[in-house]
Amino acid sequence: LNYQTAQYMISAPTLAQCPPETGAEVAFAGRSNAGKSSSINTLTQNSRLARTSKTPGRTQLINFFSLHKGTDQRLVDLPGYGFAKVPEKVKLEWQRHLSEYLLQRQSLRGIVLVMDIRHPLTEFDQMMLQWADEVNKPVHILLTKSDKLKRGAAKNALQQVRSALQEWQDLVTIQMFSSLKKDGVDQLRKKLDEWLAD
Ligand code: GDP
């Protein structure tokens, strides 16, 4: 599939406002600052795409991009879970919308879970894995910013995450990624091709 022609469709505050559940889509999730926007930009070779999602007012929304105009294949940018202090009420509301989307969305084929390779498996990541497991949806983990570690250390980090997630091995695949070095793009593309194929 060609990811370079992806274009912004719509932003939805709740599941009810998402586009129709036809076709297939893949959702990107990650704690704020993990590198989610950069990974979407790297995949689509379009530095303006994920900027759309960072537009003030859109950061808490579910942002949809269609792969090509008129096709029924979509990339979805889920709101980043901030470490900025937000009121508990806002946090719970956000969690509710996210879990609704993940647990109920029929067209969702898989979740790309973006983690900073130096800080993997945060509480947010665990929550995402739990939800994915509940509905038996596959998760592809990007250990991104791999350029920040030396080769050996990066391999160790990958191995550690792999062991920690051994019990999820039927559902979870893991790879290294670097938006800076454009490393791992082919591997990511292959996984998305697999998920988005009819
Ligand atoms: P998001 O909040 O998850 O969307 O994170 P961003 O994509 O905005 O990235 C957060 C910060 O990490 C930015 O300063 C990026 O430039 C940086 N960053 C993202 N990906 C990489 C990467 O692969 N390598 C390096 N060195 N920095 C990265």
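Please treat every number below as a calculation from the coordinates, not as lab data. All values reported here derive from a predicted model rather than from experimental measurement. Positions of Cβ are backbone-derived with ideal geometry, glycine not excepted, and every protein chain shown enters the neighbour counts.
With the simple spin-label model, which puts each label point 7 Å out from Cα in the Cβ direction, the Q126 to K155 separation comes to 3.0 nm. Counting only residues at least eight positions apart within a chain, or on another chain, the lysines with an alpha carbon under 22 Å from that of K148 are K36, K181, K182.
Pairs of Cα atoms nearer than 8 Å and 6+ residues apart set the relative contact order; for the chain it is 24 percent. Pairs to check: K69/K190; K54/K150; K54/K155. Give those whose C-alpha atoms are more than 24 Å from each other in this structure. Where the Cα-Cα span goes over 24 Å, the pairs concerned are K54/K150; K54/K155.
Taking amide H atoms as placed 1.01 Å from N in the peptide plane, the amide H of G30 lies under 5 Å from those of Y81, V114, each 5 or more residues away in sequence or on another chain. Secondary structure note: in the chain, about 30% of the DSSP beta bridges are antiparallel. Considering only alpha-carbon pairs that sit under 8 angstrom and 6 or more positions apart, the relative contact order computed for segment 119-198 is 33 percent.
When the inverse distances between all different Cα atoms of segment 7-196 are averaged and flipped, the Kirkwood radius reads 16.7 angstrom. Between S163 and Q187, the contour length at 0.36 nm per residue exceeds the Cα-Cα span by 6.6 nm.
Multiply the residue gap between T173 and E93 by 0.36 nm, knock off their C-alpha separation, and tell me the result in nm, one decimal place. Extra length available between T173 and E93 comes to 25.9 nm.
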